[in-house]
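Worksheet: one structure, shown below.
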Amino acid sequence: MGGSATKGRLMKTRLALLFASVLILSTPFLLALPAEAPQRDRAAHPPAAHNTPRANQGRVPPAPPARSNRGEPRQPERLPTGHVNDTPHVNHDQWFGHEPVNDQRFRVDRPFAHGRFANFGPSFRYRAIRFDSNLHRFWFTGGFGFEVAAWDWPLAADWCWNCEDDFVIYEDSDHPGWYLLYNVHTGGYVHVQYLGM
């Protein structure tokens, strides 16, 4: 009788050790799941109430209109104080500081060489999940990569790339092969090229 009680205790001990081993080995995977799931949804997401745009009177602007006059110069914003703001930005849904259509810096031999980015426009807001300041590149969830134009980099260098700042991508109708990256909190925008996935 003592032998069967010992076997019973031994069996319970083995089951307890097996359960503890499974629990210990699966814990890192279980803990990783909640952290990974929200990130998949972070790529293009509806605006959160706490992350309302601070620029452009609290609205994400519509896409910039294509210019019909190829030689039209960039349009600065003339402020009531008499100051002029020539930097690329949006105010009252009007795009200021956009480079002329015939600006040679935007000529590319093969527009959209890495394909086209499909989810652009004011309906899609993104957060950068990876950022390389040396190469001026950033990525959205899903592996969508972009590179900021070298001449626009000084405008975007101080953006909070690893914060919850939201960005909107617009197709640049004046410069084939380019997109505009709009920061919904600063109101500024820069030219970017899509690098693909």
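Details
- Some residue of the stretch 118-136 being touching a Leu at 6+ places or on another chain (Cβ under 7 Å) and β-branched (Val, Ile, Thr): no
Rundown of residues vs (1) farther than 16 Å from VAL190 by Cβ; (2) surrounded by 13 or more Cβ atoms within 10 Å (Cβ to Cβ), yes/no style:
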residue	(1), (2)
PRO61	no, yes
GLN75	yes, yes
HIS98	no, yes
GLY115	yes, no
THR141	yes, yes
LEU155	no, yes
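- Filter result for VAL84 (in contact (Cβ under 8 Å) with a residue 12 or more places away in the chain and either farther than 20 Å from VAL190 by Cβ or of a type in the set (Val, Ile, Thr) (or both)): no
- Residues within the stretch 75-94 that are part of a loop (DSSP other than H, G, I, E, B) and either on the phi > 0 side of the Ramachandran plot or more than 26 Å from the chain's Cα centre (by Cα) (or both), tallied: 9
- Scope the stretch 56-72; condition polar (S, T, N, Q) and under 20 Å from PRO100 (Cα atoms); matching residues: SER68, ASN69
- Options ILE129, ILE169; residue that is surrounded by 17 or more Cβ atoms within 10 Å (Cβ to Cβ), farther than 23 Å from PRO62 by Cα and either within 10 Å of the chain's Cα centre (by Cα) or β-branched (Val, Ile, Thr) (or both): ILE129
Every read-out reported here was derived from the displayed coordinates using simple, explicitly stated rules and does not represent laboratory data. The structure presented is a predicted model; accordingly, all values stated were derived computationally and were not measured. All Cβ positions, glycine included, derive from the backbone under ideal geometry; neighbour counts span all protein chains shown.
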